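Here is the structure we will look at.
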There are 2 protein chains.
Amino acid sequence: MKAEIARSEILAAAAGMMRQVGYSDMSLRDLATQVNMKAGSLYYHFASKDELVTEVMRIGVEAVEAAVRSGLDEHPSASPQERIMAAVTVHLDTLLKRSDFVSSHIRCYPFVPVPVRERLREVRRSYDQLWLSLIRAYLGPEASTDDVRYLRQVLIGALNGTLEWFNPERDSVTEYARRIETFLLPQKPR
Amino acid sequence: MKAEIARSEILAAAAGMMRQVGYSDMSLRDLATQVNMKAGSLYYHFASKDELVTEVMRIGVEAVEAAVRSGLDEHPSASPQERIMAAVTVHLDTLLKRSDFVSSHIRCYPFVPVPVRERLREVRRSYDQLWLSLIRAYLGPEASTDDVRYLRQVLIGALNGTLEWFNPERDSVTEYARRIETFLLPQKPR
DNA sequence: GTCTATAGACGGATAGAC
DNA sequence: GTCTATCCGTCTATAGAC
C-alpha cells in the first residue's frame, strides 16, 4: 500500500523534472530529495533509471490517448471536423495544463536511450492510429495516404510545438484551437 | 590559420553530436575523439563547453535566417503567399538536409543552460521578426496581433516538427511544403 | 521501505611539458 | 596547437544495517 503511494509520488516528481531539465539531467539524487528520500531508496520501487523513465513516458501517452478517447465519446454524433477539433482541444489541454507526463514524453523522447524508445513504440503507435483515423474520416475516402500522413504531421507539429511557447497565463487553449480550425480546417476537405 | 580550420571542424562535429544525443550527453571527450584530439585541446579553441555550444547554436539560427533571406531576394516580385512558401521551403531544406547546426539548435534549445539561452535571444528574435513580417504581409493589415502570432506558431510547429519524423529517403521537402500550402494557405487570407 | 556508505565510471576543467 | 596527467565533482547502482 505505502509502496504504491511512494511509487506514484516518485513518478509524478520524475515527470516534472524530466519536462524541465530533460532525461540526462534528471539525477536520481535530486529526484529522491524532492520526494524526501535518498537516492538508493528509489531502487526499491524501480529496477533502474531507465525503467522509471519508461514508466513516466508510458503513462504520458496513455494519459493523452485516454483523455482524447473519452472526449470523443462525449459527442458521439459529431462531424469529422468536430471530432478533430475535440481531439485538438483535449490534447492541448492535457499537454499544457494537466500532465507533466505528457510534456516530459514529448520533450524527452528524442534523447532517451534506444531501448526506452523501443519499449514505447507500441503505445505511441496506438495513439498515432487514433489520429490517422480521425484525419481519414475528415479528408474522406478519396484522400491519398500522403494527404493523411502529412496533415497529421502538420497538426501534431502545431500541437506539440506549443510546449516551446505557450504561456497558460497569457494564452488560451480554446483560442489557439479555434485558430487551428480557421487556418487548417476551413470547412470542408479540399 | 590552422586554428581556424580546427575550430570549424570542432564546431561541425559538435553540431552533429548535439543533434543526435543532446546537450548533456555530448561529452568533450567524445567530441575530441571525433576530431582526432584530446579533450584538453578543445580548451585552446573554446573557453568552456557552454561557449562552444552557444557558438554552434548561434551559427544555426544565422544560417537559416541567411538562407531564407537570400531565397526571398531571388523572387523580389513574389506575392505574400509565394514569399511564405519560399521561406517554408528554404527553412525545411536547410533544417533537414543541410545543417546539423540548425537541427541541433532546435532540438537542444529547451534543455540548454539559461545563460546560453540568454545569449541566443537576440539572434532568435531576429529570425522571429522575419517570419512575423512575412505573415503580417500575408494576412493583411486588418489581421489582429493574435492572428499573426498564432499562425506563426502553427507554421513553425509544422516546420520544426519534421525533425521528429521526416526521412529524407522517403519524404520530399517540396511535397511536404506543397501540403502545407494546401492545408494552411488555401489561397487568400480569411 | 528507507537508510548509510561506497563502488566504479565518467563528466568538465586546468597545469605544464612539448 | 596539442598532449599528458590529474583534480574534483557527480552520476547510477549496489550491499547491508535498521
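Structure notes:
- Among residues of region B:2-50, those that are within 14 Å of another protein chain (Cβ to nearest Cβ) and over 16 Å from B:CYS108 (Cβ atoms), counted: 0
- Picking from residues in region A:10-36 that are free of Cβ contacts under 8 Å to residues at least 40 places away in the same chain and small (Gly, Ala, Ser), the one that is nearest to DNA strand C (Cβ to nearest atom) is A:ALA32.
- Test for B:VAL35: is it β-branched (Val, Ile, Thr) and farther than 23 Å from A:TRP165 by Cβ: yes
- Every residue from region A:150-171 that is more than 9 Å from chain B (Cβ to nearest Cβ) and under 18 Å from A:ALA87 (Cβ atoms): A:ARG152
- In region B:99-113, the residues that are at the interface with chain A (Cβ under 9 Å from one of its Cβ atoms) and within 10 Å of B:VAL53 (Cα to Cα) never reach a residue that is assigned to a loop (DSSP other than H, G, I, E, B) and at pLDDT below 95 with C-beta atoms less than 9 angstrom apart, at least six apart or across chains.
- Of everything in region B:139-149 that is within 11 Å of another protein chain (Cβ to nearest Cβ) and in a helix (DSSP H, G or I), the residue that is surrounded by the fewest Cβ atoms within 10 Å (Cβ to Cβ) is B:ASP146.
The values are calculated or read from the model by the stated rules, or taken from the named source; none is laboratory data. Being a predicted model, the structure only gives us computed values, none of them experimental. Ideal geometry is used to build each Cβ from the backbone, glycine not excepted, and the neighbour counts take in all protein chains shown.
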